[in-house]
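Enquirer: Handing you this structure, nothing more for now.
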Amino acid sequence: MSDSVAALPALPAEVLAQFPADDLLAGIFATSITALVLLKPVRAADGTVVDFTFALLSQAAQRMLNLPAQPTKTHLELVPGTAEPGGIFDFFRETLASGQPAHRNFNYQRDGFDAYYRLAVRRVGPGLLVSFSDTADEERTPVE
């Protein structure tokens, strides 16, 4: 059983009988046009989350981030600007701690990136599943 606080909806048994979970998950990561990232927390001796490793990036995430399926560098090594107070790294840690799914938009203009990102994050087992899209092509308000 998952240790997520927010229960994941169960897939109907008849769906799982026709579409094995392993095949389904691999297919989703291969075909989703939304970027998907599976993150695993890196914890200090006191249990504090100090970084995340990349367990798996979908093909869309690989294209958007220009990274391999399993990067060897950590999240903060690749995008250190996300550690600013109230930034993406804090958002990830808060979502992991609460276990509650969360959504947020970020304007990220550091580390070689310059875009508005829409993120949906959910705790899955010991880590996080992050779904994100680059909203640069969407219309903006005059303030944005």
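Enquirer: Suppose the filter is modelled with pLDDT under 90, surrounded by 14 or more Cβ atoms within 10 Å (Cβ to Cβ) and over 13 Å from the mean Cα position of the chain (by Cα); does Thr135 pass it?
Expert: yes
Enquirer: Taking only pairs six or more apart or across chains, which ones have beta-carbon atoms under 9 Å, a first residue in the stretch 9-28 that is within 19 Å of Leu56 (Cβ to Cβ), and a second residue that is open to solvent by 100 Å² or more (accessible area, probe 1.4 Å) and in a loop (DSSP other than H, G, I, E, B)?
Expert: The qualifying pairs are Gly27/Phe19.
Enquirer: Out of the residues in the stretch 1-16 that are surrounded by 10 or more Cβ atoms within 10 Å (Cβ to Cβ) and within 23 Å of the chain's Cα centre (by Cα), which is modelled with the highest pLDDT?
Expert: Leu11
Enquirer: Against the definition (of a type in the set (D, E, K, R) and outside any loop (DSSP other than H, G, I, E, B)), how does Asp90 come out, yes or no?
Expert: So Asp90 fits the description; yes.
Here's the yes/no breakdown for (1) farther than 18 Å from Asp134 by Cα; (2) in contact (Cβ under 8 Å) with a residue 24 or more places away in the chain:
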site: Ser32; (1), (2): no, yes
site: Gly47; (1), (2): yes, no
site: Gln59; (1), (2): no, yes
site: Gln70; (1), (2): yes, no
site: Leu76; (1), (2): yes, yes
site: Glu84; (1), (2): yes, no
site: Leu96; (1), (2): yes, yes
site: Pro101; (1), (2): yes, yes
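Enquirer: Here's another thing I want to ask about it. Do you know which residues across the stretch 17-42 are open to solvent by 70 Å² or more (accessible area, probe 1.4 Å) and in contact with a strand residue (DSSP E or B) (Cβ under 6 Å, 6 or more places away or on another chain)?
Expert: Lys40
Enquirer: Would you check if there is a residue in the stretch 86-104 being of a type in the set (Asp, Glu) and closer than 18 Å to Gly127 by Cα?
Expert: Taking the stretch 86-104 as the starting set, the residues that turn out to be of a type in the set (Asp, Glu) are 90, 94.
Filter once more, keeping what is closer than 18 Å to Gly127 by Cα: 90, 94.
Yes, the stretch 86-104 contains a residue that is of a type in the set (Asp, Glu) and closer than 18 Å to Gly127 by Cα.
Enquirer: Just to check your reading of the model, which residue among Arg104, Arg63 is open to solvent by 50 Å² or more (accessible area, probe 1.4 Å), modelled with pLDDT under 95 and in contact with a helix residue (DSSP H, G or I) (Cβ under 9 Å, 6 or more places away or on another chain)?
Expert: Arg104
The values are calculated or read from the model by the stated rules, or taken from the named source; none is laboratory data. Just so it is clear, the structure is predicted and the values come from calculations on it, not from any experiment. Using ideal geometry, Cβ is built from the backbone for each residue, glycine included, and neighbour counts are taken over all protein chains shown. Please note that ligands, DNA and RNA were not included when accessible areas were found on the heavy atoms of the full protein model with its side chains. Shrake-Rupley method; radii C 1.70, N 1.55, O 1.52, S 1.80 Å.
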